[in-house]
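Undergrad: Structure provided below as structure tokens; questions to follow.
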Amino acid sequence: MTIEDANPSSTYAKLLGETAKIDWQDLERFFAQGKLLSVARDLDLVSVAEAIANDDRAVVMQWLSSGLVARMPAETAADYSARKPELWAVVVSPWVCVQERA
């Protein structure tokens, strides 16, 4: 554990407190508005939200270009609607970051 892990930033702590399990049906309207960001399972959802909140463009662009973070693809939305997996989300206005948990 690093010192940073032991002492998360106030933004990270705030976002962590706002992160919650959510059903797909509660996210569908954000998907329809184009405001839903899909976060790969191997990333820390709260760290992604923190980078977006802090406008850390270099990191966010790296994730976007590698496909680790993306606007929710229609195929993924349809899959979530059919399967109803365990999803976690956090809002970083205007975005809602969502991640499937195993």
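Undergrad: Would you work out the relative contact order for the chain, in percent, from Cα pairs under 8 angstrom that are 6 or more residues apart? Walk me through the numbers before you get to the answer.
TA: Working: 126 pairs, mean separation 40.2, N = 102.
Computed value for the chain: 39 percent relative contact order.
Undergrad: So, one more: Need the list of aspartates and glutamates near LYS21 for cross-linking: C-alpha distance under 19 angstrom, and skip anything on the same chain fewer than eight residues off.
TA: Hits, sequence-local ones excluded: ASP42, ASP44, GLU50, ASP79, GLU86, GLU100.
Undergrad: Let me ask something else. With all distinct Cα pairs included, what does the Kirkwood hydrodynamic radius of the chain come out to in Å, to one decimal, could you say? The partial results should precede the final answer.
TA: Numbers: mean 1/r = 0.0717 Å⁻¹.
Value: 13.9 Å, from the Cα pair sum.
Undergrad: Another question, then. At ALA20 and GLU86, where each label point lies 7 Å from the Cα along Cα→Cβ, what is the point-to-point distance in nanometres?
TA: 1.8 nm
Undergrad: Per the helix-only calculation at 222 nm, which mean residue ellipticity applies to the chain, given -39500 (n - 2.57) for every DSSP H run of n ≥ 4 and division by its residues, nearest 500 deg cm²/dmol? Mind dumping the intermediate values first?
TA: Numbers: 6 runs with 47 residues, N = 102.
Result for the chain, helices only: -12000 deg cm²/dmol.
Taken together, the values in this text are just the output of simple stated rules run on the coordinates, not laboratory data. In this text, all values refer to a predicted model and were calculated from it rather than measured experimentally. When we count neighbours, we look across all protein chains shown, and the Cβ atoms used for this are built from the backbone with ideal geometry, even at glycine.
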